[in-house]
Every structure is written in structure tokens, then in C-alpha cells.
Amino acid sequence: MILACRSAERTRPVVEEVIEVTGNKNVEFLPLDLSSLKSVAAFVEAFKAKNLPLHILLNNAGMGGPFTLTADGIEGQFGSNHIGHFYLTLLLFDVLEQSQPSRIVNVSSNAHSLLAPAEGIKFDAINDEASYDGIKAYGQSKLANVLFTTELARRTQDKQIFVNSLHPGLVETGLSNRAMDTFGAVLSSIWKWAQPWLAASPEKGALTQLYLATHPDVEKNNIRGEYFIPIAKKSTASAFGRDQKLAEKLWDFSVSLVKEKVGEFTVPESLQSKTAERQ
């Protein structure tokens, strides 16, 4: 198991704890900053140098806050929560394909339904600071997680690669530390007061991810392209999240954006077909 995280200082104690609790010594940290495409590429290079199989890729990010740009000049939430994972997944896809059966789990949120902009994805205004709304930007990035899942599942339907997304529920994590910046003083104060009663513990909040990543049901029942809610319940994404044309548009937009930022980038050949039979 590899914990791909930004902070070595915060991650290494977790690695040690996992080793101590499980007795599995094959746990390690590799640096990964999803807000930097250069960091994503460096992580993939370091991972591939280990010549390991990859059976489970769990994509999880939840950046919120005021308007910022990533190292590549992309709006922070869209760049970290979606583009970073998009690039990471496609760079690792050859290993996932070689390791079949394999799984890709994308952590989204019910914010994809409740908070996304009226048009779903603001393709022409991703980086428009003047019209930026932190709440809607978060919802947009989480909708992108669902749409990426929808399109990737369609393009892998003939493979033993199971791609699904989920809403983990309200979970008491460090993401709430940025609530003041994203939601304002009044709402963030209410959230901090209510969080201990409303939010699940991180352990409980991880159960749906673990189900999609490890449970035999996923392969046995051919679960792919689905959206789950706590705990391990199949649900239905928003109308935008199920919009195949929007999913294809986001895919093409993301490919073009990555190419613009990194130059040389080729979508894996087995993912290039847009004419695959729709699910």
C-alpha cells in the first residue's frame, strides 16, 4: 500500500501506525501534490520504478477555500480535485490495465448535486476570479469527479477495471478547517458547533470507499460506473452526473487542458475510442 500525500511529516506517522496495527510492512509514503502536474508525473515515475502491480487506485481530494491557482495556473479546486486525479489516473492506466482485475474509486460528494453551478461545469469560466464562488467551485469539482467516473467506466466497460464514485457522507476531517474561507463566518461557526453531532468519524467515513475498493461484490456483480452513498449503498448521481454528453465534453476539455499545461501527453490507446457502446 502506498500513501500518496503532500506532507511527509503528517503521513509517515500514519504509515508506521498501519504497519503496527496490521503487521503488514509493505506500506510506504510517496510524495504527491495534486495541485502540481509536475508532482503527479514525478509520483508516477517513482511508482513505476518499483515495478509493482496496481490493483486499487483510490482518488481522494477535498480542497476548498478562496480563489487560488495551482502551480499550473488552474483554479485550485478544479485543478486539485479533478485535473490532478484525471492526469494521475491516465498516467497509471497502463499499470492498472496490466494488473486486471483492478479498481478505480473516485471520492466525490453530494455537493456535486447540491452545490454545482446551474450549468454544471463552467468550461469558459474555470479561471474567472471575478465570478468565483467557493461553494459552487467545490460542487463543480465534485461533479467533475462523478463525470470522470461516468466516462472512464464507459471507456473501460470491456475490461476487468471497475470504476465507481461515491459520497462518503459528512466526515469529521481537516477539510472543515477551511470552512471559514469557503462558507463564511456564520456558516462555518454553525458547522464547527454541529460537526461533532452530525459528522461521522474518519473511520466510519472510510467504509464506503473500502467497500468499493475491496469487497468481492464489485467484481461478482459487475459494479461499474455507479455512484454510492454511506454505507455502501448504491444511489443515483444528479442529472448532470449522468449526462453522457457532459461527461464526454469534460473528458475532452481535461485532455486539452493537460496538454496545454504539460506539452507531451497522449491518452492511453485503449481509452481513446469515443464510439464504445454506451452503457
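Here are some notes:
- Search result, residues across region 75-112 that are at pLDDT below 95 and surrounded by fewer than 22 Cβ atoms within 10 Å (Cβ to Cβ): Asn110, Ala111
- Region 120-172: number of residues that are over 14 Å from Ser238 (Cβ atoms), part of a helix (DSSP H, G or I) and touching a Ser or Thr at 6+ places or on another chain (Cβ under 6 Å): 2
- Within region 232-264, restricting attention to residues that are free of Cβ contacts under 8 Å to residues at least 60 places away in the same chain and surrounded by 15 or more Cβ atoms within 10 Å (Cβ to Cβ), the residue that is nearest to Ile56 (Cα to Cα) is Ala232.
Quick grid of which residues meet (1) touching a helix residue (DSSP H, G or I) at 6+ places or on another chain (Cβ under 8 Å); (2) in a helix (DSSP H, G or I); (3) modelled with pLDDT under 95:
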| position | (1), (2), (3) |
| --- | --- |
| Thr182 | yes, yes, yes |
| Leu187 | yes, yes, yes |
| Ala194 | no, yes, yes |
| Leu212 | yes, yes, no |
| Ala237 | yes, no, no |
| Lys245 | no, yes, no |
| Ser256 | no, yes, no |
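- Residues (among the acidic types (Asp, Glu) and either at pLDDT below 95 or within 17 Å of Leu54 (Cβ to Cβ) (or both)) located in region 1-36: Glu28
- Residues in region 35-67 that are out of contact with any strand residue (DSSP E or B) (no Cβ under 9 Å at 6 or more places or on another chain), in contact (Cβ under 8 Å) with a residue 12 or more places away in the chain and within 23 Å of Ala213 (Cβ to Cβ): Val40, Val44, Lys48, Met63.
- Gly79 vs. criteria assigned to a helix (DSSP H, G or I), in contact with an Asp or Glu (Cβ under 7 Å, 6 or more places away or on another chain), small (Gly, Ala, Ser) and in the same structural domain as Ser238 (by TED's automatic domain parsing): yes
The values are calculated or read from the model by the stated rules, or taken from the named source; none is laboratory data. All values derive from a computational prediction rather than experimental measurement. Heads up, the Cβs are rebuilt from the backbone with ideal geometry, glycines too, and the neighbour counts pull from every protein chain shown.
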